[in-house]
Amino acid sequence: MVTRSTDDTAAVASARDATREITGALGASVVLLALMLGAVLVADREVVAALGTLALAAALALTVLVSRRARGLAAQRSEALAQERRGRDQLDRTLAATRRLVEIESPVALRREICETARSVFECSAVSLWEVEPENLLLLERVPWQQPYHGGDRRSIASLPGLREALDSSQPLFVADLKTEATGVTRATAEAVGTRSLLHVPVAIEATMRLSLVLSWDEVLPPSTPIQRIAAQRFANQAGLALEQSRYRAAQAEIASLNRTLRRMVQADPLFHAGGTTDEVVRAVCEEGLAVFEASGAALWLDAGEGIELAGRVPEAAVFTPRHRIMFAEHPTFAEDLEAGQPRYVEDVEHGDPVLWERFARHSKSRSQLRLPLASAGQARALVILSWAERVSPPSAEVFAVASRFADQAGVALAEAARREAQREAGELHARFERSLLPLITLDSADASVATFYRPGDARLTLGGDFYDCLELDDGSIVTLIGDVAGHGPAAAALGAGLRSAWRALVLGGWRLEDLPGGLQAVCVRERHDPYLFVTAIIARLEPDRSALRFVSAGHPAPLVAGTHIDVAANGPPLGVVADARWEAVTVPLTPPASVLLYTDGLVEGRAEPNSRDRLGIERIEALVANVEPGRMGEADLRRLVDHAAEANGTGLADDVALLAVNVSS
């Protein structure tokens, strides 16, 4: 039942006044007629004629007046009835529309439906829903959405005269023309979108006025009628009730979701302590992010200096290429997220960052985003972006706390993966460096061959200082080198590599065998990082006719020939120990087929057996070499020698071992 409006009352009053006027006019006509009758009775013809004329004129005037007043009364009654019908129609549509609102589960979807429904019911050009803050209104939804509005948009309450009083009293506020009555950003925005009239309607939630529903039109309208204001307020009340119920359902759903999230987090915790490459960890983090937060997409981006670089996304999106980059200059919010180091939620990317939406988010179905910076050493170096295809409500404080925990664990997992990868790369670099110190040796001679083997000490992860090389000269002779830098690590390895290169230069430069150690000592003294560092080495030359082996030793174990140890009485000092030292050459006859084995002391200095104080010694190695067919000592034979030494030692070999065998066929 709708109370009669003041406009209806005014129309009725006007009709009553008109009726009184007509009644009075009719009374005057009766009086005139009575006078005419009296004149007739007097029988004064002139008087009768005058009175007749006067009565006729009065009658005509009264007829016109009655007709006009009757038409005006009819128009007023018609307009009053039309307004009443429009008001009743709006009320009916309001009741019908608000019944649908309570069926919508999502608060975000409900806000949009409220605006769309109000726009239809009240025939507005636009409808928006604002959250009331102490000094501003925060835009939550607008239909249609258009520039210059954007996500998180705010308007000062003071920029619209009378709005503060209306909000404080929870009363609707009608503004006939924003162009003349508004100020500041509110007026500028109204001019930009063409809004003229609007109606602010307060929306109460849990008995507290928290929102304002704004109906706006592109034309200047007369003040709204009471029945229109009643319809708008009733719609706002029903919308507030629907929002309150929706928030309650969302809170219940969020509690259930939070419980599921916590359970998933507990289940996912082992992931962050497992091994795997960086790419494997990136994918695992994205997959767990999807499951834990029930998102539709998850991507992990790395800080690339001038932007963020895509490390992985689940599911993949065609808009992103491998290692895709988004530059900070174009999208500075990502730099702000990394710098802030705190989770940030973007409810609607389309409205909050239209450029990002058009370029990427629209194509990857990323309307709502939760951005989680991953900190490493106190600074965010990566960003996990969880996304949803539809707008979802902002996470609660509890979900934000879980998201922060997830980001911490993901950051640790990523850092551990990077550390493991760095270790693997260092190991590969170590191996490549060692291989570069151990050259690939080939001979063109049909009657000679060379086999080599190198094994670093099992107990060390650093580089060793053992080195070897072999050159075949133009006269058919074969010159070999094997050496051992005292100490371990990159410095020792670098010195060994430098000595090998210097040896090649000296040999190819035609230096005599006896002079080669002196040249190497000059290099050793100049290049060593420690004045007490020294190097042992043997340089051997197999004559072109293969009848003899000549060698000089600088404090190095003598070679084995066909399993026979050669006693080197003329063994000179190690390189870098005695200045101006001299090294004498030793000649050993050969009878093909024969094998000459050069080795470093790591082969013989291990234990004879586990827990024994005795060294393995050269005698046991000589016995093993004697079992190899002369002239056919290959890499497999050298490996067996090293395996035997490692097994005898019981714990592997503590030192590097290098072996070089020269075979002479018959």
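The values are calculated or read from the model by the stated rules, or taken from the named source; none is laboratory data. Everything numeric in this text was worked out from a predicted model, so none of it was measured. Positions of Cβ are generated from backbone atoms using ideal geometry, with glycine treated the same way; all protein chains shown enter the neighbour counts. In case anyone asks, the SASA skips ligands and DNA or RNA and just uses the protein heavy atoms, side chains included. Shrake-Rupley method; radii C 1.70, N 1.55, O 1.52, S 1.80 Å.
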Task: Phi to ³J(HN,Hα) by Karplus 6.51 cos²θ - 1.76 cosθ + 1.60 over segment 607-617, Hz, x for Gly, Pro - done: 6, 5, 7, x, 6, 8, 7, 6, 7, 4, x
TODO: Express in Å², to the nearest 10, the accessible area of Ser296 obtained by rolling a 1.4 Å probe over the protein heavy atoms while all chains stay in place.
DONE: 60
Task: Under 5 Å, built H, 5+ apart or other chain: amide partners of Ala382 - done: Asp303, Leu374
Open item on the list: Using Cα-Cα distances under 8 Å and only pairs 6 or more residues apart, what relative contact order does segment 493-595 have, in percent?
Closed with: 27
Task: Whole-number accessible area per residue in Å² for segment 601-666, which is evaluated in the context of all protein chains at 1.4 Å - done: 52
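List the GluC sites (Glu not before Pro) within segment 558-666 that fall in a DSSP loop (any state other than H, G, I, E or B) and whose Cβ has at most 14 other Cβ atoms within 10 Å.
Glu584
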- [ ] Would you mind calculating the gained length between Ala654 and Trp511 on full extension (0.36 nm times residue separation, minus the Cα-Cα distance), in nm to one decimal?
- [x] 47.9 nm
Open item on the list: Let me check I've understood the local charge: for Gly576, count other residues with C-beta under 12 angstrom from its C-beta, Lys and Arg +1, Asp and Glu -1. What total comes out?
Closed with: 0
TODO: Over segment 568-657, with every protein chain in place, what whole percent of the accessible area is carbon and sulfur at 1.4 Å, could you tell me?
DONE: 45
Task: From phi via Karplus (6.51, -1.76, 1.60), per-residue ³J(HN,Hα) for segment 391-400 in Hz, x at Gly/Pro - done: 5, 10, 5, x, x, 6, 4, 5, 5, 4
Open item on the list: Spelling out what I want: for every residue of segment 481-488, take phi, set θ = phi - 60°, compute 6.51 cos²θ - 1.76 cosθ + 1.60 (Karplus), and round to whole Hz; glycine and proline get x.
Closed with: 9, 9, x, 9, 7, 4, x, 9
Task: Lys, Arg +1 and Asp, Glu -1 on Cβ, resulting dipole of segment 110-244 about Cα centre, debye, nearest 20 - done: 100
Task: Prolate/oblate/rounded call for segment 123-242, Cα gyration tensor, a/c under 1.5 rounded - done: rounded
- [ ] Using a 1.4 angstrom probe, figure out how much accessible area segment 471-526 has per residue, in square angstrom, rounded to the nearest whole.
- [x] 40
